[in-house]
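Structure first, commentary second.
The values are calculated or read from the model by the stated rules, or taken from the named source; none is laboratory data. Because the structure is predicted, anything quoted here is derived from the model rather than measured. With ideal geometry, Cβ positions are generated from the backbone for all residues, glycine too; neighbour counts draw on all protein chains shown.
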2 protein chains.
Amino acid sequence: MIPTCPIPLDRYPIVTLAHGDGGRLTHQLVQGMFQRVFTDRELLRAHDGAVLETPWSRIAFTTDSFVVRPLFFPGGDIGRLAIHGTVNDLAMCGARPRHLSVGFILEEGLAMETLWRIVCSMGEAAEEAGVAIVTGDTKVVERGKGDGVYVNTTGIGSLEHELEIHPATVQRDDVVLLSGDPGRHGIAVLAAREGLAFENEIESDVAPLAAPVLGLLDAGIDVHCLRDVTRGGVATALVEIAETAKLAIAISEVAISSDPAVAGAAEVLGLDPLYLASEGRFLAFIPAAQVGDALAVLARHDVSRGARTIGRVAATPAGEVSLDTTLGTTRVLDRLAGATLPRIC
Amino acid sequence: MIPTCPIPLDRYPIVTLAHGDGGRLTHQLVQGMFQRVFTDRELLRAHDGAVLETPWSRIAFTTDSFVVRPLFFPGGDIGRLAIHGTVNDLAMCGARPRHLSVGFILEEGLAMETLWRIVCSMGEAAEEAGVAIVTGDTKVVERGKGDGVYVNTTGIGSLEHELEIHPATVQRDDVVLLSGDPGRHGIAVLAAREGLAFENEIESDVAPLAAPVLGLLDAGIDVHCLRDVTRGGVATALVEIAETAKLAIAISEVAISSDPAVAGAAEVLGLDPLYLASEGRFLAFIPAAQVGDALAVLARHDVSRGARTIGRVAATPAGEVSLDTTLGTTRVLDRLAGATLPRIC
């Protein structure tokens, strides 16, 4: 249930260039709309930036711009995606998400009510993920120089452990876990964009991943590397990790399989599910001895209930990811190339 | 002197959608171009985010998206503006700029060499300001859905003092300093956009402001509030501060005057210089007893050599900014409204 837009729609039904000039209408938009939903004390103090206490000796810092098309899709919208996308990048550093900045680039003519829906969705998502939106910025570009809304979110998270969670920390014989079935986000967005209807509507998996990650850390799992599966899919993520780690990764096509509805839709669209984006799934590299404990932790969180072992790290061939296919053959995976899937996030 | 673009221009003369899909070409752009110029260790580690040491108990955190048109203008370009704009917002919190994130939204068809010039400019500006670019993101949108390049920069700075530098800290009888003549950036961008040629080309004042600010703090000046003069100009900045402080500010038109070339250009364009943007000027609110010391500090830095006293804070009428004009009359100032000056930053 979205509350009524607080901007008087009879006077300001759309975003105008003056909403971005830093003057009276920018002030009205910030105070009248954004500060109704984003109510952190630092944001309301309205200075050039937020001043934050940092009692931790290490923080994670990450940025993402979101240009997804369409703005609304089954299971989410650009606002929810912008919050959880950055929250998840912080979680993948092993950090507890704490503070976010939000930068809007709005297109002149955007319906004010559309912006309000997105802002409300961001407020809800931030609450769900336990992060505070503490500073922001708004710009407006002329009609035809944008696409409704682009959002940048940049985040700060606290590191409350001593681990080095990084591709370079991956070890030979590590086991690779995947937190659930991949590809739902990619199919949901592509289907919405192309106006395709499948028998069962596939919803994006966009969700915050910090809770299961912090669960692994709290349980004392010696996590070597984490990576959320976004643009480029499972295959691209694994190739990047294998190259940085200078190790080999062997994975099983059976273990990695998508939900049948996602796999079917990918086939119709001529796409390889291994390269489809998720926005609520992650890879974890952990010592073999802790696999049972790790899977038990992941099973306790809805978002990672479908966690499974998908492969293992070996010494050679360094930098290579191989897939044991359902046909019994082996295929070497590369980064996404060729089949362009733009504006998925 | 800009070095040769490291991307082979015969093969990739322009940015394509595939440069933003997270696959092979994104990787090539990040590794082949961005990491040639942005060489901080954390950025090169290529993880989902940067991990940073934070030995300070307080940090400042601020974000800005840049959509300036045209991308290049006398005295600067979108890259230099994006670095110094965020560096300056950190400085206005009284922080030493430390770390920046960079998020690009590129338009399909952008000349690769244009991107390279902007990236080189950002690298130079970051070095000049003493900040490290530690994490980034790149997205590409279709032709006609952007305008070449939009850049978001988000920054972290360290607070190494106990002051509360904020509009709410402004005191009755504080003196208002302005660090130099205002409005050069606004005129430079508008002239470049409209193809206007003035007898003497006016250059943007875009420059990093942390050095004079840290100079004031090091000298023990009890700085109450700082504000850089960007969108909305001196007038809008003062109105926002007066309203937050619930105090009155009286300023003198003579003291605030722009360079004659800027004032003349503003007259030709029908603009009030009080509302023109600067990108290298700031307001400082300090106790009257420290004005001499403060001006002596500011005179030591090129960027604030033109610092002057422009006014004073009074108790009433609360929230109001009044201007003593050169005609001997008094005029109450309001936020920028009406004369829209979009995409100045």
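The residue that is nearest to B:E162 (Cα to Cα), among those in the stretch A:26-68 that are within 11 Å of chain B (Cβ to nearest Cβ) and touching a Pro at 6+ places or on another chain (Cβ under 8 Å), is A:H47. Looking across the stretch B:69-119, the residues that are more than 10 Å from chain A (Cβ to nearest Cβ) and either in contact with a Phe, Trp or Tyr (Cβ under 6 Å, 6 or more places away or on another chain) or free of Cβ contacts under 8 Å to residues at least 24 places away in the same chain (or both) come down to B:I78, B:L81, B:A82, B:M112.
From A:A197, A:A207, A:A129, which residue is crowded, with 20+ Cβ neighbours inside 10 Å and over 19 Å from A:I59 (Cα atoms)? Answer to the check: A:A207.
A quick yes/no check of all residues on (1) more than 27 Å from B:L100 (Cβ to Cβ); (2) modelled with pLDDT of 95 or more:
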position	(1), (2)
B:T153	no, yes
B:H166	no, yes
B:T169	no, yes
B:V175	yes, yes
B:R193	no, no
B:E203	no, yes
B:G220	yes, yes
B:C225	no, yes
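Determine if the stretch B:180-200 includes at least one residue that is part of a strand (DSSP E or B) and in the same structural domain as B:S258 (by TED's automatic domain parsing). Scanning the stretch B:180-200, I find no residue that is part of a strand (DSSP E or B) and in the same structural domain as B:S258 (by TED's automatic domain parsing), so the answer is no. Scan the stretch B:32-42 and tell me whether some residue there is at pLDDT below 95, surrounded by 17 or more Cβ atoms within 10 Å (Cβ to Cβ) and in contact with a strand residue (DSSP E or B) (Cβ under 7 Å, 6 or more places away or on another chain). Within the stretch B:32-42 (the criterion being at pLDDT below 95, surrounded by 17 or more Cβ atoms within 10 Å (Cβ to Cβ) and in contact with a strand residue (DSSP E or B) (Cβ under 7 Å, 6 or more places away or on another chain)), the answer is yes, since at least one residue qualifies. Just one of the listed residues (A:V268, A:V262) is in contact with an Asp or Glu (Cβ under 8 Å, 6 or more places away or on another chain), more than 13 Å from chain B (Cβ to nearest Cβ) and assigned to a helix (DSSP H, G or I), namely A:V262. In the set A:A235, A:A261, only one residue is of a type in the set (G, A, S), closer than 21 Å to A:A207 by Cβ, assigned by TED's automatic domain parsing to the domain that holds A:A191 and under 23 Å from the mean Cα position of the chain (by Cα); that residue is A:A261.
The set of residues from the stretch A:208-247 being assigned to a loop (DSSP other than H, G, I, E, B) and of a type in the set (D, E, K, R) comprises A:D222, A:R231, A:K246.
Restricted to the stretch A:306-345, and to residues that are hydroxyl-bearing (S, T, Y) and more than 14 Å from chain B (Cβ to nearest Cβ), which residue is nearest to the chain's Cα centre (by Cα)? Once the filter is applied, the top-ranked residue is A:T309. Within the stretch B:77-117, the only residue that satisfies the criterion of being on the phi > 0 side of the Ramachandran plot and crowded, with 24+ Cβ neighbours inside 10 Å is B:G94. Of the residues A:V68, A:V87, only one is out of contact with any strand residue (DSSP E or B) (no Cβ under 7 Å at 6 or more places or on another chain) and modelled with pLDDT of 95 or more; which? When all the criteria are applied, what remains is A:V68. Out of B:V229, B:V239, B:V234, one residue alone is within 14 Å of chain A (Cβ to nearest Cβ), surrounded by fewer than 24 Cβ atoms within 10 Å (Cβ to Cβ) and under 21 Å from B:C93 (Cβ atoms). It is B:V239. Filtering B:S278, B:S257 for residues that are farther than 26 Å from A:L25 by Cα and either in a loop (DSSP other than H, G, I, E, B) or not β-branched (V, I, T) (or both) leaves a single hit, B:S257.
Restricting A:A289, A:A284 to those that are of a type in the set (G, A, S) and within 14 Å of chain B (Cβ to nearest Cβ) reduces the list to A:A284. Filter the stretch A:120-139 down to residues that are over 14 Å from A:T154 (Cα atoms), in contact with an Asp or Glu (Cβ under 7 Å, 6 or more places away or on another chain) and within 12 Å of chain B (Cβ to nearest Cβ), then give me how many there are. Number satisfying all stated conditions: 0.
Among the residues making up the stretch B:148-163, those that are surrounded by fewer than 24 Cβ atoms within 10 Å (Cβ to Cβ) and either touching a strand residue (DSSP E or B) at 6+ places or on another chain (Cβ under 8 Å) or away from chain A (no Cβ under 13 Å) (or both) are B:G148, B:V149, B:S158, B:L159, B:E160. Out of (1) within 30 Å of B:L25 (Cβ to Cβ); (2) surrounded by 15 or more Cβ atoms within 10 Å (Cβ to Cβ), what's the single condition that is false for B:G144? Condition not satisfied by B:G144: (2). Only one of the numbered conditions (1) within 17 Å of A:S278 (Cβ to Cβ); (2) surrounded by fewer than 23 Cβ atoms within 10 Å (Cβ to Cβ); (3) within 14 Å of chain B (Cβ to nearest Cβ) is violated by A:D181, and that is (3). In the stretch A:246-258, is there at least one residue being among the charged types (D, E, K, R) and without any contact (Cβ under 8 Å) to a residue 24 or more places away in the chain? No, the stretch A:246-258 contains no residue that is among the charged types (D, E, K, R) and without any contact (Cβ under 8 Å) to a residue 24 or more places away in the chain. May I ask you to verify whether A:A288 is of a type outside the set (D, E), within 23 Å of A:E164 (Cα to Cα), touching a residue at least 40 places away in the same chain (Cβ under 8 Å) and surrounded by fewer than 19 Cβ atoms within 10 Å (Cβ to Cβ)? Yes; evaluated as a whole, the condition is true for this residue.
Across the stretch B:161-211, what is the number of residues that are without any contact (Cβ under 8 Å) to a residue 24 or more places away in the chain and small (G, A, S)? Count: 2.
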